[in-house]
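The values are calculated or read from the model by the stated rules, or taken from the named source; none is laboratory data. This one's a predicted model, so the numbers in the text were calculated from it and none came from an experiment. Quick reminder, even Gly has a Cβ in these numbers, built from the backbone with ideal geometry, and neighbours come from all protein chains shown.
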Amino acid sequence: MLVWERPEPPDRPVPAPLSRERIVRAAVALADANGLEAVSLRKVASALGVGPMRLYGYIDTKEELLDLMVDAVHAEIRPSGDDWREVLRSLAETTRQAAHRHEWLADLIGGRPQLGPNTLAGGEAVLAAMAGVALDVVVPAVAAVHAYVIGAVRREITERRAERATGMDKRQWQAAFGPYLRRAFATGRYPALASVVHDGPHPDADETFRTGLDFLLDGIAARISG
């Protein structure tokens, strides 16, 4: 029986009240503060002021705990809108926002299928919005949006982590590596790259995400209307 269906043990208020929800909230708080490496059943138990063995009545393994954490964050991902395009855009943007609030999510999304109730509710909302569209379009369209968001979010979070690790923001990085790129472009071997760097647009992360999402949604719209 999966953790979503398994009943919790009877409440024991001494030495501390416990529930699956409290365990997950404590684990999410630890991960938000210090990353997934800060999450273990022992550390979560310590944060709750109980012994580690008490957690095993609620959760069998750390993998179950991670699944519960991901589903808890999916409560923040609520696709909404009046048509399929608005709903898919909402799915993408709220997923990105959740990942920026919980950076560790970028390490877990895109792995094995998530089956928790919050995740299923989000999937139901998306598919309901696409009712009437042929399933051979719906399935790859939703998968494409998920893939786009996962890739974009992981890139953004990786860049944020790199800034923290190196102490260099984007402007400082450009100042440090700009001379090397100018020397490389001066050789004449990279004319296309040089043109983009010198003359191309340089949107920020928000604009980059939304523009790429528009390209994807335009493609889906063309397939639906075709």
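Could you tell me whether segment 159-166 includes any residue that is among the basic types (Lys, Arg) and closer than 27 Å to Leu135 by Cα? Steps first, please.
Initial filter on segment 159-166 (among the basic types (Lys, Arg)): 160-161, 164.
Okay, now just the ones that are also closer than 27 Å to Leu135 by Cα, so none.
No, segment 159-166 contains no residue that is among the basic types (Lys, Arg) and closer than 27 Å to Leu135 by Cα.
Pairs needed: first member in segment 50-63, surrounded by 13 or more Cβ atoms within 10 Å (Cβ to Cβ); second member anywhere, basic (Lys, Arg); C-beta distance under 6 Å; at least 6 residues apart or different chains.
Pro52/Arg42; Tyr58/Arg20
Go through (1) over 16 Å from Ala92 (Cβ atoms); (2) surrounded by 15 or more Cβ atoms within 10 Å (Cβ to Cβ) for Ile157 and report which single condition fails.
Ile157 satisfies every listed condition except (1).
Condition first: touching a Pro at 6+ places or on another chain (Cβ under 8 Å), under 17 Å from Leu115 (Cβ atoms) and at pLDDT below 95. Can you find one or more residues in segment 4-18 that meet it?
Step one: list which residues in segment 4-18 are touching a Pro at 6+ places or on another chain (Cβ under 8 Å), which gives 4, 11.
Okay, now just the ones that are also under 17 Å from Leu115 (Cβ atoms), so 4.
Next, from what is left, pick out any that are at pLDDT below 95: 4.
Within segment 4-18 (the criterion being touching a Pro at 6+ places or on another chain (Cβ under 8 Å), under 17 Å from Leu115 (Cβ atoms) and at pLDDT below 95), the answer is yes, since at least one residue qualifies.
Starting from segment 88-110, keep only residues that are among the charged types (D, E, K, R), then list their pairs with residues that are in a helix (DSSP H, G or I) and crowded, with 21+ Cβ neighbours inside 10 Å whose Cβ atoms are within a distance under 6 Å, requiring at least 6 positions of separation or different chains.
Arg96/Val153
Name the helices (runs of 4 or more DSSP H) wholly inside segment 24-124 in which the number of residues that are within 14 Å of the chain's Cα centre (by Cα) and among the small types (Gly, Ala, Ser) is 2 or more. Give the derivation first.
Details: elements: 41-48, 52-55, 62-74, 84-101, 105-108.
Output list reads 84-101.
Among the candidates Val138, Val133, which residue alone is surrounded by 12 or more Cβ atoms within 10 Å (Cβ to Cβ) and under 30 Å from Trp4 (Cα atoms)?
Values: Val133 fails: under 30 Å from Trp4 (Cα atoms).
None of the other options fit; the residue is Val138.
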